[in-house]
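Report on the structure given below.
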Amino acid sequence: MDIRQLNYFVEVAKQKSFTKASQTLLVSQPSISKMIKSLEDELRVILLDRSERKIELTDAGVLVYEQALKILQSVEDVYSSVNELVHVKKGIVKMGLMPTIGVLLFPNILAGFKKEYPQIEIQMVEYSAKQLELKVEQGDMDLGVTVLPVNSELFGTVPLLSEELVIIVDSEHWLVGRESVRLSDLKNESFILFTEDYILHDVVRRACLQSGFEPKVAYMSSLWDLVGEMVATQLGISLIPKSMVSRFNNRTVHAISISYPHIDWELALIYKKNKYLSYAAREFIKYIQANNSCKTSL
């Protein structure tokens, strides 16, 4: 059984004539007759009473006609829905963000995207970078915003932002007034790091090891504001992206550049390779690529 069989049958039933159905469908009458006969053979019933000039439905024909109308309407709904999806631009994008990243990057981007695609809904949830990559890999999220590098065999990437990491210290620290410092000069300092769930933890620890020392960790936290408060109360120093310094009171927390090594903080939009991306997700990616103005350091 296929859609053409049902479509031809329904039209003949409506017109009560093979000739009129042929004219409406722009299909030859023998083709219509052959298609309906194959449907009857498949169902093993007679659907049309052909004994009179005006064709009538048999009892089985009435049943099949009613069901055929529903099937054809469902098929029409599928075409209409897909057409609406593509041309009216609607859908849902599930996106994972690292905490505070949405504040850094997305207010203006989302406002512009919403104007252009008012019927596409963006659902955003916060995760640590490591959790976020797992969520995208498992298909729970369409897209994620995380820190590079990521597994290039698993994920496609769209660059968003590149900036440096800086040292933050309290207002009485010996570094206050310095423009820059070598990371190796901080080997005796106590560090306040983000928890191991965060990529930033790995980035800072790796940079310290490359500079010849294991960082002495005083505290670890998953909260940006708490890290800033602990630095302000002289519990240690920390490394954060330069753009995050503005979150803290600059009278109690001071930022100093790292002269060596330069530590880049690269954010990217990621999606899983070899996985179907919805129309809405693909449109969001295209919009980001065309409108992202944050590809250099803030």
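With helices as the sole contributors, the chain gives -13000 deg cm²/dmol at 222 nm; each DSSP H run of n ≥ 4 counts as -39500 (n - 2.57), and the sum is divided by every residue. Mean separation of Cα pairs under 8 Å and 6 or more residues apart, divided by the residue count, gives the stretch 161-265 a relative contact order of 51 percent.
Work through the residues other than residue 213 whose Cβ is under 15 Å from its Cβ and net out their charges, Lys, Arg +1 and Asp, Glu -1. Please list the in-between numbers first.
Values: positive: 182, 187, 205, 206, 216; negative: 185, 189, 214.
Once positives and negatives cancel, what remains is +2.
Rg/Rh, computed from the Cα trace of the stretch 111-213 with Rh as the Kirkwood radius, has the value 1.08. Which GluC sites (Glu not before Pro) from the stretch 191-298 combine a DSSP loop assignment with at most 12 other Cβ atoms within 10 Å? Filter output for the stretch 191-298: empty list. Here the chain is assigned +1 on the Cβ of each Lys and Arg and -1 on the Cβ of each Asp and Glu. Its dipole about the Cα centre then comes out at about 900 debye. Close amide H contacts of residue 222 (hydrogens built in the peptide plane, cut-off under 5 Å, sequence separation of 5 or more or a different chain): 195. Only the Cβ atoms of Lys and Arg (+1) and of Asp and Glu (-1) were treated as charged; on that basis the dipole of the stretch 3-87 about its Cα centre amounts to roughly 380 debye. Among 167, 237, a tally of other beta-carbon atoms within 10 Å of each Cβ gives an order, fewest to most, of 237, 167.
What does the charge count near residue 248 come to, summing +1 for each Lys or Arg and -1 for each Asp or Glu among other residues with Cβ under 13 Å from its Cβ?
Every neighbour counted, the sum reads 0.
Based on C-alpha pairs under 8 angstrom that are at least 6 apart in sequence, the chain has a relative contact order of 21 percent.
Converting phi to 3J(HN,Hα) with the Karplus coefficients 6.51, -1.76 and 1.60 and the offset θ = phi - 60°, the stretch 118-124 yields x, 9, 9, 9, 9, 9, 10 Hz in sequence order, with x at every glycine or proline.
Each Lys and Arg contributes +1 and each Asp and Glu -1, all at the Cβ; summed about the Cα centre of the stretch 98-186, the dipole is approximately 160 debye.
With the charge dipole of the stretch 1-147 set up from +1 on Lys and Arg Cβ and -1 on Asp and Glu Cβ about the Cα centre, the Cα lying farthest toward the positive end among the listed residues 124, 25, 141 is that of 25. Taking 1.306 mPa s as the viscosity and 10 °C as the temperature, the Stokes-Einstein diffusion coefficient of the stretch 3-87 based on its alpha-carbon Kirkwood radius rounds to 118 µm²/s. Computed from the Cα positions only, the extents of the chain along the three principal axes stand at 105, 34, 26 Å, in decreasing order.
Here the Gaussian network model covers the chain, with springs between Cα atoms less than 10 Å apart; of 121, 11, 164, 11 fluctuates the most. Each Cα pair under 8 Å and six or more residues apart adds its separation to the average, and for the stretch 1-123 the resulting relative contact order is 20 percent. The residue list 204, 184, 39 was ranked by how far each Cα lies along the charge dipole of the chain toward its positive end, using unit charges on Cβ atoms, and 39 comes out on top. Taking other C-beta atoms within 10 angstrom as a stand-in for reagent exposure, 174, 224, 265 fall in the order 174, 224, 265, fewest first. The amide H of residue 217, built 1.01 Å from its N in the peptide plane, has 191 as neighbours under 5 Å, considering only residues 5 or more places off or on other chains. With point charges of +1 on the Cβ of Lys and Arg and -1 on the Cβ of Asp and Glu, referenced to the Cα centre of the chain, which listed residue (154, 285, 255) lies farthest in the positive direction of the dipole? Farthest towards the positive pole: 285.
For the chain, DSSP calls about 55 percent of its internal beta bridges antiparallel. Among 48, 161, 235, the residue with the largest mean-square fluctuation in a Gaussian network model of the chain, with springs joining Cα atoms closer than 10 Å, is 48.
List 260, 127 from most exposed to least, where exposure is judged by having the fewest other Cβ atoms within 10 Å.
With the fewest neighbours first, 260, 127 line up as 260, 127.
Every number in this text was worked out from the coordinates using simple rules, so none of it is lab data. Everything quoted here is computed from the prediction, not taken from an experiment. FYI the Cβ positions are ideal-geometry reconstructions off the backbone, even for glycines, and counts take in every protein chain you see.
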